[in-house]
Each structure stands twice: as C-alpha cells, then as structure tokens.
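Student: Submitted below is the structure of interest, expressed as structure tokens.
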Amino acid sequence: MCPQAAAGGKRVASRAPGAHNVCRVLTRRAHGFYARDAGVAHRKNLGLLRKIICQESTKFKNVWTTHSLSPIAYERGRIYLDNYRCCISSIAQEPRILYQKPKCSKSEKIEDALLLECPLGEMLPSPSDYKSSLIVLTAQNWLLRLSADSGEILEKIYLAGSCCKFRYLSWDTPQEVMVVKSSQNKLPAAARQAGIQQSVLFYLAVFQVLPLSFIGMLEINKKIFGNSVTDVAVSNGILIVMYSIGLVRLYNFQAISEQFMEQPFDLGHEFNWNGQVGVVGKYPFGLPCNIKITDTPPLLFEVSSLENAFQIGGFPWHYIITPNKKKHKGVFHICSLKDNALAKNGIQDMKCCSLEPDWIYFHPDMSGRIIHVGPNLIKVLKLKEVKNDTDQMEVAEDFTIVANREKCVHNAVTVTASGRVVKKRFNLLDDDPEQETFKIVDYEDELDLLSTVAVTQIGADGRAHLDFHCNEHGILLKSIPLLESWDVTYSHEVYFDKDLVLHIEQKPNRRFSCYVYQMVCDIAKDDECSSHEKPERVFCKKGGRIFEYI
C-alpha cells in the first residue's frame, strides 16, 4: 500500500526507499522524457551518427553514377527517373531498382509530385496508409497516390475537365494539408481579339491527407482580386495573392472557406451540383468548385516588394522584403509584422558586384535566425531586443562563414617596365569563377548541421566541396570533396541526407547526371575516396539503365 497523508491532512508519511525516483520518472515521462522512449533512442542514434560523420577518418565515397535524358528527383532515400516511372533506392552501395513502369503517353505525364509520410499517433483506415506514398499530378488532371516502394496506384482522384489545367502541388501545412494549383488561365489570341473576357485566373483545390479528403475548390477571380494578379499560393493557412506591380496581399484562408463554402463534399459520394449528377473525384465530373468568393475578403496584411519577394519568420514575427525599385535589388529590409517598423540594423546590403545576386531567408531550424548568403560570405543573423527598449528589435550578427580565398591586391593602375601607365577597365566580380564562391547553403535538420557547397573553376575544370558547419556556432566540422567536375554554367542540386550525399547536375540539351556518395569509415580507403584522379569505372546494366561503379 502506498504511503498516504497523515491524519488531518497536515502531514505526509515518509516515502518508501526509491519512491522519489519513481515519481521523478513518472513526471518526466508525462512530459515526454522517458529513457526507453523511441524518440529518445532515435535522437541518441542521430547524435552518434553526427559524431561519426564529423570524424576525420570518415569519408564519403562516390559509389555509383547514372545519367538520364529527363529530370532526376530525390526524396528520402529514393531517386526518381523517367518522369517518376523509375524509382531507385539510394541506400545500398549498389543501385537497387524498387520499381520500373512501362512508358506512358504524354497525357499521363506527371507534372508534379509530393512525398507523403505516415502521421504519428493516428488510426488510419487502410494498412497501406502506414507506409510512405507519393502524391503525383498528371497532365490530364488526375491526382494519384502511389506506393513509394512499388509504384502501385493506391488512390485515384479526377480533379476537373478541360476548363483548367492543374500543374502544381504544394503543402499548406506539411504532411497535413495539400494544395493543387492550376496554371494561369489565358484565352487564345483569337478569343481575345473577339472580345471574349476571361475572369477566372487560377483554381485551387485543397485536400486533407491521410486519409485523403476533399476540403474545397476555389477560383481566383479578377473581379474580386483585381486585373494584375500574377500568382497565388496557400501556405500555413494564409491565402497569398501576388500582383504584377510587386504588391503582396495576405488573406485568412480558413475564414474564406468558412464564409464562402456553398456545400461540403466527400470523395466518392454522389452529388447533384449545378444540374450535374456525378461522383465526387470520379471521371468525368471531377471536383465541384464549392468555395465561391463573392466579395473581397478581409485583408490581413499588404506589402510592396520587388519581384513579390516576401518572407515571414523570426521571434517575434518579422518579414523580409526588397524595396520595390530596381535600384534596390540586393537590399533587404527586415521589419516587424506587428507595426511595419524597420528593425535596428534591419537594412542588410552586402554590396555585391556579381552576376548572381545574394539571397536571404529565415533559418529553417525554427530558431528565428536569418541566413544571408553572398558570393564569398554567409552571415547568420539573429533578432534580439534593443537594450533599454523592449518594443524594438535589433538585427545582430550571430556568426559568419567566409570563403577560402587568397588575399591578392588588384591594382587599377600598373606601370610597365618601359614606364608606360596601364589602367584596368574592369575589376573582378565577387562571384568570379576562379575564386571560391558559395553556390548552395542548406540545413540538415536531423543532424543539426549547416551544409555549404563552395566552387572554384579554373578553365573548364571546376572543383566543389561540401562543408558541414556547426549550426549553433558556424565552426567547420567536415569538408567533403566532390570528385566530378563542376561547371558553374550548369544547374546543380546537392542533397545531404544523414549518411548520403547526392549531386544532381543538369547539362545542356536536357542531359542529367546523378552522383551518389555514401559514408565509409575504412581508413585504408581514404586516398581512394578523396582523390580527384579518375578511378577505374565499371559499367553495369540494370532494368535497361546503365550505371557506373567505382
């Protein structure tokens, strides 16, 4: 029997030996701190993996390479080729084809895709819902849910007829609410010459995922939002409308759906809508446009920014814009969302002289910090209260990462041996390819590492290295050379996913290459993994596709 309160409730009997430890464990467990919890074990494992990756003896080896004439995509250990018809596991040291589908017609072409993960702690209607799946959008307005491991079609939804072309998938709330957006409706030239008016600019269809359910479809009409709308999006419950004049307007999407929803509909149920009888999400009827905005909804926020560039983040909430004039390109203003007040030191300008502009964004680690990337400098900034003024925030430097460049003096005027004065007509650009330049900055959330790709190109041969930095202090922890030549005129993507590094390159004439690197800890193979000399390659054919092994 557990010790109980003494008579009168004024005294508590002494606890049994070790009882205070039991109470402490129960309290920590109630708050999610339990030593045997799967989350705790997972965090410990990731901590160990981070230490192993950052060890000097750990290398990343280019284990295999493949090429394609169509874009290559990567999602969570899976490489997709041939417009998502071929899926390859990147986990094994040799490429393992998970599935390969036969060629399809142009009408079945996949326009966009999202990876769907199983939610935690929820009961789902089907066993297949507990495994990863791929949501894809086809050219003929079909929304398909495919098994990520087999490519099997799990669900099919027909969106709409020829009235619009759905082309884009995005998350409103990641892994919870998905948005399908149409391309902008444009009348043919002959119809415009005939005086026919087109008032609907975009269609948006919104779904809850796992189980997949239809929330509603709405149209963005120029009669409601104006003639100069160029783009629209839904993110974090906010309807974002962008205009050609640089204006960005924010509306409450949930309030819009509640106010203007004419009738809710469930997928697979019969409906009678505007004289049409059919099944929701089935061909040929598709989905009804059941959110009809008949009046301008209440405006939450409005701001003008060059090229509609607008971001919200930080603690407390701030936003980043560029003043809406071309002469201000590369100048960023950090302002309070509460009262539009410019933060102290809130104007960030690297004064770069480069072909490619610098860029800025809120840190994806949810710390409220800001990352500003220039050709040779990465600045991680933080918001803090101004001393003696708690109402104003100040932008302060947290740490910087500097490119490894040789210090050399470029004289504008030189004198030859004969005494002739020569004046240079140009100076080197800040992103001159012969100087080390930052091209990619990313964040690995599971390992809490900031990754950067820096490139130096001399002649036709470009060399790149992937560096891992401590996310808290910016200290360099690891540098990985990428063995393949890097041409700065090509398009590149680099993914760092725990013990895997993936480099996807797009060459001219739609030629794509994928280089897969995996972590190895064999000290004897150090030289083999890091040498830029071309090693012997072996070619192998799997599923009609050629792979290169090292």
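The values are calculated or read from the model by the stated rules, or taken from the named source; none is laboratory data. Keep in mind that what you see is a predicted model, and the values were worked out from it rather than measured. Cβ coordinates were reconstructed from backbone atoms using ideal geometry, including for glycine residues, and neighbour counts include every protein chain displayed. Ligands, DNA and RNA are stripped out before the accessible areas are found, and what is left, the full protein with its side chains, is counted by its heavy atoms. Shrake-Rupley method; radii C 1.70, N 1.55, O 1.52, S 1.80 Å.
Student: Conditions: (1) closer than 30 Å to K478 by Cβ; (2) open to solvent by less than 10 Å² (accessible area, probe 1.4 Å). A73 meets all but one. Number of the miss?
Tutor: Condition not satisfied by A73: (2).
Student: A follow-up question, please. How about region 388-398: which of its residues are open to solvent by less than 90 Å² (accessible area, probe 1.4 Å) and within 13 Å of G346 (Cα to Cα)?
Tutor: Q392, M393, E394, V395, A396
Student: F253 - would you say it is crowded, with 16+ Cβ neighbours inside 10 Å, in contact with an Asp or Glu (Cβ under 9 Å, 6 or more places away or on another chain) and farther than 30 Å from L383 by Cβ?
Tutor: Considered against the rule, which asks whether it is crowded, with 16+ Cβ neighbours inside 10 Å, in contact with an Asp or Glu (Cβ under 9 Å, 6 or more places away or on another chain) and farther than 30 Å from L383 by Cβ, F253 comes out as no.
Student: So which residues in region 99-132 are closer than 17 Å to E155 by Cβ and hydrophobic (A, V, I, L, M, F, W, C)?
Tutor: I110, A113, L114, L115, L116, C118, L124
Student: Do we have R78 as closer than 17 Å to D499 by Cα, open to solvent by less than 50 Å² (accessible area, probe 1.4 Å) and out of contact with any His (no Cβ under 9 Å at 6 or more places or on another chain) here? Full working, then the answer.
Tutor: Values: closer than 17 Å to D499 by Cα: yes; open to solvent by less than 50 Å² (accessible area, probe 1.4 Å): yes; out of contact with any His (no Cβ under 9 Å at 6 or more places or on another chain): yes.
Here the answer is yes, as R78 does meet what is asked.
Student: Scan region 55-62 and tell me whether some residue there is outside any strand (DSSP E or B), touching a strand residue (DSSP E or B) at 6+ places or on another chain (Cβ under 6 Å), open to solvent by less than 60 Å² (accessible area, probe 1.4 Å) and under 30 Å from K541 (Cβ atoms).
Tutor: no
Student: Can I ask one more? Considering I220, I245, which residue is among the hydrophobic types (A, V, I, L, M, F, W, C) and open to solvent by 30 Å² or more (accessible area, probe 1.4 Å)?
Tutor: On inspection, the qualifying residue turns out to be I245.
Student: Moving to a separate point now. Since Q175 meets every condition but one in (1) open to solvent by less than 60 Å² (accessible area, probe 1.4 Å); (2) out of contact with any Lys or Arg (no Cβ under 6 Å at 6 or more places or on another chain); (3) touching a residue at least 24 places away in the same chain (Cβ under 8 Å), which condition does it not meet?
Tutor: (1)
Student: If you go through region 166-196 one residue at a time, how many are out of contact with any helix residue (DSSP H, G or I) (no Cβ under 9 Å at 6 or more places or on another chain), among the charged types (D, E, K, R) and at pLDDT 95 or above?
Tutor: Result for region 166-196: 2.
Student: Of the conditions (1) within 22 Å of the chain's Cα centre (by Cα); (2) within 21 Å of V206 (Cα to Cα); (3) open to solvent by 10 Å² or more (accessible area, probe 1.4 Å), Q140 clears all except one; give me its number.
Tutor: Failed condition: (1).
Student: Are there any pairs with C-beta distances below 8 angstrom linking a residue in region 194-223 that is in contact (Cβ under 8 Å) with a residue 40 or more places away in the chain to a residue that is among the polar types (S, T, N, Q) and open to solvent by less than 10 Å² (accessible area, probe 1.4 Å), with the two at least 6 apart or on different chains, and if so which?
Tutor: Y203/S182; G216/N290; M217/N290
Student: While we're here: Considering only region 458-550, give the strands (runs of 3 or more DSSP E) lying wholly within it that have at least 1 residues that are at pLDDT 95 or above and of a type outside the set (D, E, K, R).
Tutor: Values: elements: 461-470, 476-482, 491-497, 500-507, 511-520, 538-542, 545-549.
The qualifying strands (runs of 3 or more DSSP E) are 461-470, 476-482, 491-497, 500-507, 511-520.
Every residue, every condition in (1) more than 24 Å from the chain's Cα centre (by Cα); (2) modelled with pLDDT under 90; (3) β-branched (V, I, T); (4) assigned to a strand (DSSP E or B), yes or no:
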site	(1), (2), (3), (4)
R28	yes, yes, no, no
F33	yes, yes, no, no
R43	no, yes, no, no
L46	no, no, no, no
R50	no, no, no, no
W64	yes, no, no, yes
S70	no, no, no, no
Y74	no, no, no, yes
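Student: Based on what the data block shows, is E385 part of a loop (DSSP other than H, G, I, E, B) and open to solvent by 30 Å² or more (accessible area, probe 1.4 Å)?
Tutor: It is false that E385 is part of a loop (DSSP other than H, G, I, E, B) and open to solvent by 30 Å² or more (accessible area, probe 1.4 Å).
Student: Would it be correct to say that E270 is in contact with a strand residue (DSSP E or B) (Cβ under 6 Å, 6 or more places away or on another chain) and surrounded by fewer than 14 Cβ atoms within 10 Å (Cβ to Cβ)?
Tutor: Answer is yes for this residue.
Student: While we're looking at this one, here's another question. Go over the candidates I88, I97, I110 one by one and state the one that is under 16 Å from L502 (Cα atoms) and open to solvent by less than 100 Å² (accessible area, probe 1.4 Å).
Tutor: I88
Student: Of all the residues that make up region 275-294, how many are exposed (fewer than 13 other Cβ atoms within 10 Å of the Cβ) and more than 20 Å from V206 (Cβ to Cβ)?
Tutor: Residues in region 275-294 being exposed (fewer than 13 other Cβ atoms within 10 Å of the Cβ) and more than 20 Å from V206 (Cβ to Cβ): 4 in total.
Student: If I go through region 145-172 residue by residue, how many of them are of a type in the set (S, T, Y), assigned to a loop (DSSP other than H, G, I, E, B) and touching a residue at least 24 places away in the same chain (Cβ under 8 Å)? Full working, then the answer.
Tutor: Taking region 145-172 and keeping what is of a type in the set (S, T, Y), we get 147, 150, 158, 162, 168, 170.
The next check asks that each one be assigned to a loop (DSSP other than H, G, I, E, B); those that pass are 150, 162.
The next check asks that each one be touching a residue at least 24 places away in the same chain (Cβ under 8 Å); those that pass are 150.
Final tally of qualifying residues: 1.
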